[in-house]
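Q: The structure follows.
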Amino acid sequence: MPGVNVVGTTYDLAQDREWKNLAVTHSSIVGEETSRWSYLSQSPYDLIQKLKLIRMSSRLVGGCIQRCMGHDAINALAICTKEIDLTKGTHYFERFMDYLRFYQKNDIDGCCAQTDAKGDRLKRPSQQMNPDAYVHILEEQRDGIIVSGMKMNITQAAYADELIVIPTRALKENDRNYAVAFAIPADWEGIRLITYPVWTKECASSDCPPLFKYGVAESVVVFDHVFIPKERVFMCGEWEFGHRLALLFADSHRHSYCGCKPAVSDILCGAASLAAQANNIESVSHVQQKLSEFAGVAELAYAAGIAAALYGEVTSAEVFFPNLKYANIGRRLTGRLIYKEYNLLTEIAGGIAATLPSYEDFQAEETKHDLQKLIVRNGDFSPEMSRKIWSFIQYLSTSPMSAWNEVAGVHGGGSPIMETLALNQEYDYESRKKLARYLAGIDSDYDNSAELWDEPTFGESLKENKRENLRSLMGCTGSHVKKVI
Ligand SMILES: Cc1cc2nc3c(=O)[nH]c(=O)nc-3n(C[C@H](O)[C@H](O)[C@H](O)COP(=O)(O)OP(=O)(O)OC[C@H]3O[C@@H](n4cnc5c(N)ncnc54)[C@H](O)[C@@H]3O)c2cc1C
């Protein structure tokens with residue numbers, strides 16, 4: 001199964017000595033090595049390593065590496081369970097950490113089942129005609145809860161070890177029963193999966209190109225009166241935290257996109273470059289310009305991911321969380337440009353990306369001589385090499401996997417409007433207006449102080465030490481420092 005091959009690659013890389021420092025790290029929770037996919041980030045360095053792992057491993061499987069969903073879900077749950085406990089005096093964090101110990105020790109592959117079927121988009125969960133449009137609690141028992149409802153678009157549910165279920169949106173008091181989070185194996189009693197596999201091309205032979213070996217599977221996950229044991233329940237009715245948990249996952253996932261989308265750009269850039277060479281148009285100026293577009297998207301999104309890591313913050317659970325502004329801006333850039341990137345490849349490749357004759361025609365006695373002459377456009381390449389290149393371009397451009405990458409680029413991690421909302425919440429438009437008023441001569445000065453103190457977070461303690469040093473150096477209190485500086 002192509003999706004299993006992707007997940008298998010993540011486990012293989014963890015065994016590879018060269019990848020060890022990147023794919024594996026030390027966990028203080030279990031006191032031993034753990035996969036980076038099941039690790040709670042502690043610092044900007046951890047978030048940058050996560051981005052790098054996502055980008056580098058995604059390249060090898062031709063796209064989505066899939067394991068980041070579980071990573072983002074456990075990080076979100078660690079933060080949110082702590083915050084619920086601090087507000088409500090519950091004990092979810094301890095329970096979640098027990099679960100995480102099991103998760104890390106067994107090198108579990110978790111997927112995140114966040115997106116509900118949703119039904120009527122303009123109605124809240126409790127207002128839906130179909131109560132199963134969102135996963136909800138039917139009954140609370142002494143030793144667990146009974147849940148029903150439907151999730152959809154759930155990547156790797158069919159082959160992940162565990163489903164990590166969290167709410168998909170903000171909730172009101174009437175939606176209390178929809179405020180539920182838990183983890184459970186997908187083959188648990190009462191769970192049905194309706195799975196849709198996607199891959200580039202069926203290929204049974206042993207010399208399939210790597211691109212054909214990998215793919216993904218999406219599932220509708222139906223919960224039909226499912227019993228979830230108490231020790232696996234991490235939110236149960238705390239509707240005020242539905243929004244927070246939904247966003248903690250989504251924002252962490254948008255940060256992960258700053259790693260995987262650059263990998264997709266890397267692949268498309270390589271393909272466009274190879275197509276240009278096969279067409280012998282590599283040195284032409286418009287081609288050079290087009291190739292630079294891929295570099296621009298990939299590196300700007302990656303840079304936004306690094307900035308999000310450097311300007312992240314320590315949460316009450318001591319999990320280090322990426323900066324929302326930079327994570328969302330990076331994700332937004334890549335989502336907007338994904339169709340353009342495919343378009344650039346198509347422009348460079350020409351119509352052959354959709355019309356290449358079949359492999360069988362290249363082999364058949366009656367057609368192979370004509371096709372061998374037709375396929376060579378650059379004398380440096382043999383007919384077979386040329387066919388291989390164009391076959392690769394064809395499947396990269398026109399397969400179901402290409403369409404999956406395009407739609408994932410737009411909606412994965414939340415629809416574009418969600419990034420706009422996040423940015424509008426984070427961005428200080430008022431200070432920009434004040435800047436304009438100052439430059440226009442309406443106001444006599446402009447106060448830069450808020451951003452003057454916005455420093456990379458190399459761990460809160462270090463930042464605090466640096467501030468203290470500055471304060472003592474200048475012999476003044478914190479509030480004065482801002483003004484003096
Ligand atoms: C390839 C792929 C893989 C995915 N993998 C996962 C996964 O592993 N786990 C997971 O949980 N999810 C996954 N998703 C789901 C993804 O997070 C959602 O597709 C995304 O959040 C959008 O939700 P939706 O598909 O329900 O679209 P909708 O929310 O229905 O959005 C469609 C349009 O309706 C608009 N809209 C929706 N509601 C409102 C409203 N109330 N008011 C105004 N406008 C509205 C949106 O802005 C958008 O323009 C995946 C998606 C894709 C495409």
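The values are calculated or read from the model by the stated rules, or taken from the named source; none is laboratory data. What you see is a predicted model, and the numbers here were worked out from it, not measured in a lab. A quick note on method: Cβ atoms are made from the backbone with ideal geometry, for glycine too, and the neighbour counts reach across all protein chains shown.
Q: Kindly indicate the residue of region 159-201 that is assigned to a strand (DSSP E or B) and charged (D, E, K, R) and also farthest from the ligand (Cβ to nearest atom) among those meeting that condition.
A: Initially, region 159-201 is screened for residues assigned to a strand (DSSP E or B), giving 162-165, 180-184, 191-199.
Retained after the next criterion (residues that are charged (D, E, K, R)): 162, 192.
Details: E162: 13, R192: 17 Å.
By that ranking, first place goes to R192.
Q: Quick one: which strands (runs of 3 or more DSSP E) lie wholly within region 8-127 and hold at least 3 residues that are more than 16 Å from the ligand (Cβ to nearest atom)?
A: On the way: elements: 24-27, 32-35, 110-113.
Per the criteria, 24-27, 32-35.
Q: (1) closer than 26 Å to A301 by Cα; (2) touching a helix residue (DSSP H, G or I) at 6+ places or on another chain (Cβ under 7 Å); (3) surrounded by fewer than 20 Cβ atoms within 10 Å (Cβ to Cβ): which one isn't true of E18, the others all being true?
A: All conditions are met except number (2).
Q: Next up: Report those helices (runs of 4 or more DSSP H) wholly inside region 338-445 carrying at least 2 residues which are within 16 Å of the ligand (Cβ to nearest atom).
A: 400-411, 416-426
Q: When the residues of region 231-263 are narrowed to those that are aromatic (F, W, Y) and within 13 Å of the ligand (Cβ to nearest atom), which ends up nearest to E406 (Cα to Cα)?
A: At the first step, the residues of region 231-263 found to be aromatic (F, W, Y) are 234, 239, 241, 249, 257.
Keeping just the survivors that are within 13 Å of the ligand (Cβ to nearest atom) gives 249, 257.
On the way: F249: 21, Y257: 13 Å.
Ranking the candidates gives Y257 first.
Q: Of the residues in region 17-56, how many are without any contact (Cβ under 8 Å) to a residue 60 or more places away in the chain and closer than 27 Å to C269 by Cα?
A: 5
Q: Of the residues in region 218-234, how many are in contact with a strand residue (DSSP E or B) (Cβ under 8 Å, 6 or more places away or on another chain) and more than 15 Å from K151 (Cβ to Cβ)?
A: 7
Q: Sticking with this structure for a sec: Residue check: is S256 among the hydroxyl-bearing types (S, T, Y), out of contact with any Gly (no Cβ under 9 Å at 6 or more places or on another chain) and at pLDDT 95 or above? Working first, answer last.
A: Numbers: among the hydroxyl-bearing types (S, T, Y): yes; out of contact with any Gly (no Cβ under 9 Å at 6 or more places or on another chain): no; at pLDDT 95 or above: yes.
No.
Q: Which of the residues belonging to region 128-158 are closer than 30 Å to V198 by Cα and outside any strand (DSSP E or B)?
A: Kept after step one, since they are closer than 30 Å to V198 by Cα, are these residues of region 128-158: 130-136, 147-158.
Residues satisfying the conditions are N130, P131, D132, A133, Y134, V135, Q156, A157, A158.
Q: Please go through region 202-224 and pick out each residue that is surrounded by fewer than 16 Cβ atoms within 10 Å (Cβ to Cβ) and outside any loop (DSSP other than H, G, I, E, B).
A: Scanning region 202-224 gives P210, D224.
Q: Follow-up question, since we're still on this one. Could you check N378 against (1) touching a Lys or Arg at 6+ places or on another chain (Cβ under 9 Å); (2) touching a residue at least 40 places away in the same chain (Cβ under 8 Å) and say which number it fails?
A: For N378, the failing item is (1).
Q: So the check is Cβ under 6 Å with 6+ separation or different chains; which pairs have a first residue in region 97-116 that's under 16 Å from A160 (Cα atoms) and a second one that's in a strand (DSSP E or B) and acidic (D, E)?
A: Final answer for the pair search is I108/E162; G110/E162.
Q: Additional query: From (1) surrounded by fewer than 23 Cβ atoms within 10 Å (Cβ to Cβ); (2) away from the ligand (no atom under 13 Å from the Cβ), pick out the condition that doesn't hold for V147.
A: (1)
Q: Among A301, A295, A250, A246, which is assigned to a helix (DSSP H, G or I), in contact (Cβ under 8 Å) with a residue 12 or more places away in the chain and farther than 23 Å from M69 by Cβ? Don't jump to the end; show me each part of the working.
A: Numbers: A301 fails: farther than 23 Å from M69 by Cβ; A250 fails: farther than 23 Å from M69 by Cβ; A246 fails: farther than 23 Å from M69 by Cβ.
Residue meeting the stated conditions: A295.
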